[in-house]
1. Looking at this structure, is ILE136 at negative phi, more than 13 Å from the chain's Cα centre (by Cα) and of a type in the set (A, V, I, L, M, F, W, C)?
2. Please determine, by comparing only the residues of region 86-122 that are crowded, with 17+ Cβ neighbours inside 10 Å and touching a His at 6+ places or on another chain (Cβ under 6 Å), which one is nearest to LYS137 (Cα to Cα).
3. For region 1-26, how many residues are in a loop (DSSP other than H, G, I, E, B) and either at pLDDT 95 or above or closer than 19 Å to SER60 by Cβ (or both)?
4. Residues of region 6-24 being under 18 Å from LEU88 (Cα atoms) and not β-branched (Val, Ile, Thr), which ones?
5. Considering only residues that are among the small types (Gly, Ala, Ser) and touching an Asp or Glu at 6+ places or on another chain (Cβ under 7 Å), look in region 54-79 and name the one that is surrounded by the most Cβ atoms within 10 Å (Cβ to Cβ).
6. Quick check on my filter: what residues within region 128-137 are surrounded by 10 or more Cβ atoms within 10 Å (Cβ to Cβ) and free of Cβ contacts under 8 Å to residues at least 40 places away in the same chain?
7. Being assigned by TED's automatic domain parsing to the domain that holds LYS38 and assigned to a loop (DSSP other than H, G, I, E, B), is that true of even one residue in region 141-149?
8. Among the residues in region 19-33, are any of a type in the set (Phe, Trp, Tyr), touching a residue at least 12 places away in the same chain (Cβ under 8 Å), touching a Gly at 6+ places or on another chain (Cβ under 8 Å) and not assigned by TED's automatic domain parsing to the domain that holds ILE136?
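The values are calculated or read from the model by the stated rules, or taken from the named source; none is laboratory data. Remember, predicted model here, so these are calculated numbers, not experimental data. Cβ coordinates were reconstructed from backbone atoms using ideal geometry, including for glycine residues, and neighbour counts include every protein chain displayed.
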Amino acid sequence: MKKTGLPLEIFRNYLRKKGLKFTRERLIIFNGIISISKHFDADSLCEFLKGRNKNISRASVYRTIPLLVKSGLITESLRCNNKFSYELTFGRRHHDHMVCVKCGRIIEFYDARIEKLQNEVCKKRGFEPLRHKLGIKGYCRACLSKMRK
């Protein structure tokens with residue numbers, strides 16, 4: 001489902017519909033995520049905000065992230081080493097991920113053959129897909145090279 005409108009508008013409307021307040025803290029967290037423009041976890045977002053002299057509690061970050069996920073603006077892109085990683089999805093084309101279990105590097109990719117195969121599998125089984133995410137865990141080239149030495 002494609003979201004229309006500006007991201008901040010979408011978030012405000014989502015909160016309003018849920019009877020929640022649009023607070024200063026939520027605005028700072030929202031702006032931080034928009035500024036990061038890469039994958040993040042709750043802890044790295046806290047550090048990012050702290051580095052920008054934003055005094056936001058870790059609890060506020062942990063409470064706001066699920067609201068942003070439910071609003072459709074960010075998504076949980078993958079989980080590795082017991083950490084959830086998120087990314088801004090508003091206005092971005094679908095892609096999948098490979099994550100290095102050693103260094104945590106995330107590699108985004110898109111392959112039309114995979115997309116086509118997924119659609120064929122769904123069609124064959126009479127299944128109507130809404131969304132999907134593919135995450136491949138393994139070792140990146142750099143870590144493989146170090147491990148082989």
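1. Against the criterion (at negative phi, more than 13 Å from the chain's Cα centre (by Cα) and of a type in the set (A, V, I, L, M, F, W, C)), ILE136 qualifies.
2. For region 86-122, the residue satisfying everything is ILE106.
3. So the answer is 6.
4. Hits for region 6-24 are LEU6, PRO7, LEU8, GLU9, PHE11, ARG12, ASN13, TYR14, LEU15.
5. So the residue we want is SER77.
6. Correct list: PRO129, HIS132, LEU134.
7. No, the conditions are met nowhere in region 141-149.
8. No, there is no match, as no residue in region 19-33 is of a type in the set (Phe, Trp, Tyr), touching a residue at least 12 places away in the same chain (Cβ under 8 Å), touching a Gly at 6+ places or on another chain (Cβ under 8 Å) and not assigned by TED's automatic domain parsing to the domain that holds ILE136.
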